[in-house]
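Chemist: The structure follows.
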Amino acid sequence: MAVLDILTIPNPKLKTKAVPVIDFNEQLEQLVEDLFETMYAAPGIGLAATQVDIHQQVVVMDISEEKDSPRIFINPKIIEQQGEQIYEEGCLSVPGIYAKVKRANQIKVHYQNLKGVHQELEADGLLAVCIQHEIDHLKGVVFLDHLSLLKRKIALKKLGVV
Ligand code: QAP
Ligand code: CO
């Protein structure tokens with residue numbers, strides 16, 4: 001088990017596209033353990049492997065108050081979405097910055113579990129936001145990319161970037 005270093009903006013590695021997981025082996029289990037340890041230590045509610053410079057399609061999440069509901073999404077893909085919601089998001093890779101982002105309200109996500117078994121989950125509210133936010137990371141997208149140019153500039157200035 002290990003707490004891993006989290007990449008922060010403007011590290012260009014955050015723009016890397018993650019590749020699908022093919023081997024559901026012990027190394028993957030170790031990665032997932034380390035992602036949880038890193039996320040809970042932060043603390044955060046979601047973490048994509050991209051954020052710790054591992055460019056495989058692996059996401060961990062726990063949106064519960066009690067921190068007793070770990071969720072793992074391997075090779076996640078949104079297969080249905082509808083409606084809109086606006087949620088004030090943050091990100092461990094964008095420390096101290098929060099901004100409202102518009103996303104789908106209801107989604108259906110296809111993914112695999114740690115054993116490689118295919119699953120589907122319907123989600124709404126915060127869980128749907130978190131899944132969309134983390135899948136974005138796997139595509140090299142951070143929540144700032146959803147903001148207007150002006151709001152993004154303000155955020156980058158607050159971060160001391162540029
Ligand atoms: C993504 O974000 C998310 O700036 C997960 O100083 C956020 O865990 C999905 C965090 C909101 C849905 C809604 C951010 C911790 C944690 C910070 C996080 C910070 C310390 C962010
Ligand atoms: Co994030």
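Chemist: Kindly check whether there is at least one residue in the range 37-56 that is more than 16 Å from ligand 2 (Cβ to nearest atom) and more than 13 Å from the chain's Cα centre (by Cα).
Modeler: The answer is yes, given that some residue of the range 37-56 is more than 16 Å from ligand 2 (Cβ to nearest atom) and more than 13 Å from the chain's Cα centre (by Cα).
Chemist: Here are the criteria: (1) within 14 Å of ligand 1 (Cβ to nearest atom); (2) of a type in the set (D, E, K, R); (3) open to solvent by 50 Å² or more (accessible area, probe 1.4 Å). Tell me which single one residue 62 does not satisfy.
Modeler: (3)
Chemist: Among the residues of the range 75-100 satisfying the criterion of being touching a Lys or Arg at 6+ places or on another chain (Cβ under 8 Å) and of a type in the set (D, E, K, R), which is nearest to ligand 2 (Cβ to nearest atom)?
Modeler: The residue in question is 89.
Chemist: Moving on. Find all pairs meeting these conditions: Cβ atoms under 7 angstrom apart; at least six residues apart or on different chains; first residue within the range 33-48 and without any contact (Cβ under 8 Å) to a residue 40 or more places away in the chain and within 12 Å of ligand 1 (Cβ to nearest atom); second residue open to solvent by 60 Å² or more (accessible area, probe 1.4 Å) and not hydrophobic (A, V, I, L, M, F, W, C).
Modeler: 40/67
Chemist: Please state which one of 85, 112, 119 is touching a residue at least 40 places away in the same chain (Cβ under 8 Å), open to solvent by 20 Å² or more (accessible area, probe 1.4 Å) and in contact with a Phe, Trp or Tyr (Cβ under 9 Å, 6 or more places away or on another chain).
Modeler: That would be 112, the only listed residue that is touching a residue at least 40 places away in the same chain (Cβ under 8 Å), open to solvent by 20 Å² or more (accessible area, probe 1.4 Å) and in contact with a Phe, Trp or Tyr (Cβ under 9 Å, 6 or more places away or on another chain).
Chemist: Moving to a separate point now. Restricting the search to the range 14-40, which residues are part of a loop (DSSP other than H, G, I, E, B) and under 14 Å from residue 54 (Cα atoms)?
Modeler: Once the filter is applied, which keeps residues that are part of a loop (DSSP other than H, G, I, E, B) and under 14 Å from residue 54 (Cα atoms), the range 14-40 yields 16, 17, 18, 20, 21.
Chemist: On the basis of being surrounded by 18 or more Cβ atoms within 10 Å (Cβ to Cβ) and among the β-branched types (Val, Ile, Thr), does residue 141 make the cut?
Modeler: no
The values are calculated or read from the model by the stated rules, or taken from the named source; none is laboratory data. It should be emphasised that the depicted structure is a prediction, and the values quoted were computed from it without experimental measurement. Cβ sites come from the backbone with ideal geometry, for glycine too, and all protein chains shown count toward neighbours. Remember, those area values only see protein heavy atoms, side chains included, never the ligands or the DNA or RNA. Shrake-Rupley method; radii C 1.70, N 1.55, O 1.52, S 1.80 Å.
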